[in-house]
Amino acid sequence: MLRYLPRILLSLAVAVVVAVVLAPPMLLATLFTSSGRPGQVAGYMWSWAVAKSLGITASATGTENVNVGQSYVVTPNHQGNADVLAIELALPIKVLWVIKKELTKIPFFGWALARSGAICLDRSKPGEALAELLEGAGKLRGGWSLLIYPEGTRSPGVQPQPFKAGAFRLAIAEGIPILPVTINGAHRIWPKKTLKFRPGHMTLTIGKPIPTSDMTEDDVPLLIEKTRSAILENLIPDYDPFEPKVFEARATRRA
């Protein structure tokens, strides 16, 4: 822990300073466009700066499975703190995040999130979550996708926790394909509930989209099973994010 303390402090300073610098122009830009592009650019720049300060990189495979003009409900596994950076750096599509409403109260960072097009859920009103998601799905146009962690929270280890139904009910209700994404390495780089981390390289594997247009509400358990299987198929329990050849790989920028 002490070995990486200077780098942790540096990354915290970078995260705050970059958020303060990026938030005003991003907020100003949202007054002139509702495309979500300012939030996407700011999110990438913030993530790149923080990842650089932490010595973290990411890359993606399976990009041939993505149609850039198609909207998806993106469902990645959630291994730890670092996988958010991996998604921002390496996922080659435009995504709107589903976030906790409390995050929008953070000065600068939260204000920018609120104006980025993110779907804000109030965890104190779980019964209204699906309605908020369905309303948010109306923003999906021009190739934008919605990213939802189906586990709902970070996993304490490599194996995903049980999936919640919200993302899958939304996908079926809107007829939007599920895009399964498997993240490897995040749980070892920066585990849940700790500031202890190690510089390393994460990989994203994008699976084949799972169509939902012919499904009904009764098919939610089947869709969950298909998605979980697709994620587990590309999960590498013994993946080493610190192996030199892997660590030297360069992050790929979102298209």
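I'd like to know if the stretch 97-119 contains one or more residues that are within 26 Å of Ala42 (Cα to Cα), at pLDDT 90 or above and among the β-branched types (Val, Ile, Thr).
Among the residues of the stretch 97-119, not one is within 26 Å of Ala42 (Cα to Cα), at pLDDT 90 or above and among the β-branched types (Val, Ile, Thr), which makes the answer no.
Quick check on the stretch 35-44. Is at least one of its residues buried (at least 16 other Cβ atoms within 10 Å of the Cβ), hydroxyl-bearing (Ser, Thr, Tyr) and in contact (Cβ under 8 Å) with a residue 60 or more places away in the chain?
The answer is no; no qualifying residue exists.
Which members of the stretch 160-189 meet the condition of being surrounded by fewer than 24 Cβ atoms within 10 Å (Cβ to Cβ) and either β-branched (Val, Ile, Thr) or at positive phi (or both)?
Passing the criteria: Ile172, Gly175, Ile176, Thr182.
Assess whether Glu132 counts as being in contact with a Cys (Cβ under 9 Å, 6 or more places away or on another chain), outside any loop (DSSP other than H, G, I, E, B), at pLDDT below 70 and of a type in the set (D, E, K, R).
Criteria met by Glu132.
On the basis of being farther than 24 Å from Val158 by Cα and either more than 16 Å from the chain's Cα centre (by Cα) or of a type in the set (A, V, I, L, M) (or both), does Ala60 make the cut?
no
In the list Lys139, Lys208, Lys192, which residue meets the criterion of being charged (D, E, K, R), part of a loop (DSSP other than H, G, I, E, B), surrounded by fewer than 22 Cβ atoms within 10 Å (Cβ to Cβ) and at pLDDT 90 or above?
Lys208
Exactly one of (1) polar (S, T, N, Q); (2) open to solvent by 30 Å² or more (accessible area, probe 1.4 Å); (3) in contact with a helix residue (DSSP H, G or I) (Cβ under 8 Å, 6 or more places away or on another chain); (4) modelled with pLDDT of 85 or more is unmet by Asn81. Its number?
(4)
Residues Val50, Val18, Val14, Val66: which one is open to solvent by less than 60 Å² (accessible area, probe 1.4 Å), β-branched (Val, Ile, Thr) and touching a residue at least 60 places away in the same chain (Cβ under 8 Å)?
Val66
If you check every pair at least six apart or on different chains, which have Cβ atoms under 9 Å apart with a residue in the stretch 166-185 that is assigned to a helix (DSSP H, G or I) first and a residue that is surrounded by fewer than 20 Cβ atoms within 10 Å (Cβ to Cβ) and of a type in the set (Asp, Glu) second?
Short answer, once both residue conditions are applied: Phe168/Asp219; Arg169/Glu217; Ile172/Glu217; Ile172/Asp219; Ala173/Glu217.
The values are calculated or read from the model by the stated rules, or taken from the named source; none is laboratory data. Note that the structure is a prediction, hence the values are computed from the model and not measured. A quick note on method: Cβ atoms are made from the backbone with ideal geometry, for glycine too, and the neighbour counts reach across all protein chains shown. In case anyone asks, the SASA skips ligands and DNA or RNA and just uses the protein heavy atoms, side chains included. Shrake-Rupley method; radii C 1.70, N 1.55, O 1.52, S 1.80 Å.
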